[in-house]
Amino acid sequence: MESSTSYASIFRPDLFLGQVALVTGGGTGIGRAIAHELAALGATVVVAARREEPLVETAAEIAAAGGSADHAQVDVRDHESVETAVAGVVERHGRIDLLVNNAGGQFPSPAERISPNGWRTVVDRNLTGTFLVTRAVFNASMGVHGGAVCSVIADMWNGFPQMAHTGAARAGVENLTKTLGVEWGPRGVRVNAVAPGLIYSSGMDTYDEAVRDGVAATASRIPAGRIGTESETSAAVVFLLSPAAAYITGETLKVDGGSSLAKVPLVPLEAHDAISPFDGFHLAREVPDSWGGGRSRTDRSAYRP
């Protein structure tokens with residue numbers, strides 16, 4: 001791909017001129033792309049996360065491209081940290097017009113191996129953190145001035161094998177989005193979400209080789225025929241934050257190339273015959289083993305009264 005000195009957004013350059021945008025998890029991955037695009041469209045962007053180094057780097061990149069950027073350290077799991085960070089942003093910039101809840105994180109694991117602490121950590125990062133930041137921004141600014149919120153969740157519509165913790169948390173954010181869309185409409189605040197499918201970003205580096213291989217193998221089974229890009233996710237977020245979506249609230253936009261229509265696990269499940277079939281029809285054809293026929297269906301005595 002050809003390099004450029006600024007973000008090549010599909011939207012007009014001054015779309016968010018004079019507005020202030022807070023992007024959690026804005027130092028890396030999808031959040032970094034969103035921060036760059038919002039800045040390219042005229043917003044003053046504040047990137048926020050726990051680690052300061054990526055935030056400083058991203059803010060410097062935005063400034064070098066001619067945009068306006070600031071950063072704020074925050075632990076979205078801690079309400080005091082959130083309140084302090086949001087208050088600081090409002091003090092420095094006067095208000096917050098746009099909020100992108102992108103901070104989160106998870107790790108692949110069979111559900112039975114997720115420790116209570118591991119479960120709490122993922123739920124706190126993805127669900128509790130989204131609530132704490134959104135509430136703080138509403139109370140500090142949007143409740144008075146209005147605004148638009150967009151949360152980045154995930155493709156968890158048919159369950160999330162190997163990711164039970166984040167699937168549950170993201171589903172919670174999707175429901176929270178609906179609730180806040182109703183409650184805050186009279187205050188001029190729209191609340192929406194974007195659910196990316198498999199996206200090629202730096203976030204992939206956090207997973208081991210088996211998961212990355214699984215993702216690569218899955219790509220050919222996505223109706224779009226490929227994995228998505230950070231830019232495609234960012235464009236969906238920008239649309240929902242923009243005036244073009246003025247009549248949209250409480251909704252979640254899937255950006256997954258159709259993968260949610262035919263969900264497959266990131267890590268393939270083992271073949272097994274652990275769940276015995278029921279076959280009470282005495283004239284039924286037996287399912288061939290190659291079709292997953294499994295255990296024999298010849299003994300029907302257990303089904304007779």
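Classify the stretch 20-262 as rounded, prolate or oblate, taking a ≥ b ≥ c as the square roots of the eigenvalues of its Cα gyration tensor: rounded when a/c is under 1.5, otherwise prolate if a/b is larger than b/c and oblate if not. In terms of gyration-tensor shape, rounded. Sorting 154-161, 9-16 by their mean Cβ neighbour count within 10 Å, with the most densely packed peptide first, gives 154-161, 9-16. Only Cα pairs under 8 Å and 6+ residues apart enter the sum, and on that basis the relative contact order of the stretch 20-262 stands at 19 percent. Comparing Cα centroids, the stretch 140-169 and the stretch 58-95 end up 20 angstrom apart. Per-residue packing, averaged as other Cβ atoms within 10 Å, sorts the ranges 44-57, 110-123 into the order 44-57, 110-123, beginning with the highest. Highest mean first, the peptides 77-86, 30-39, 177-186 sorted by other C-beta atoms within 10 Å per residue fall in the order 30-39, 77-86, 177-186.
Explain nothing, just the number: relative contact order of the stretch 1-119, from Cα pairs under 8 Å at least 6 residues apart, as a whole percent.
Taking the mean separation of contacting Cα pairs over the length of the stretch 1-119, I get 26 percent.
All of the numbers you see were taken from the coordinates with simple rules; none came from a lab. Keep in mind that what you see is a predicted model, and the values were worked out from it rather than measured. Cβ coordinates were reconstructed from backbone atoms using ideal geometry, including for glycine residues, and neighbour counts include every protein chain displayed.
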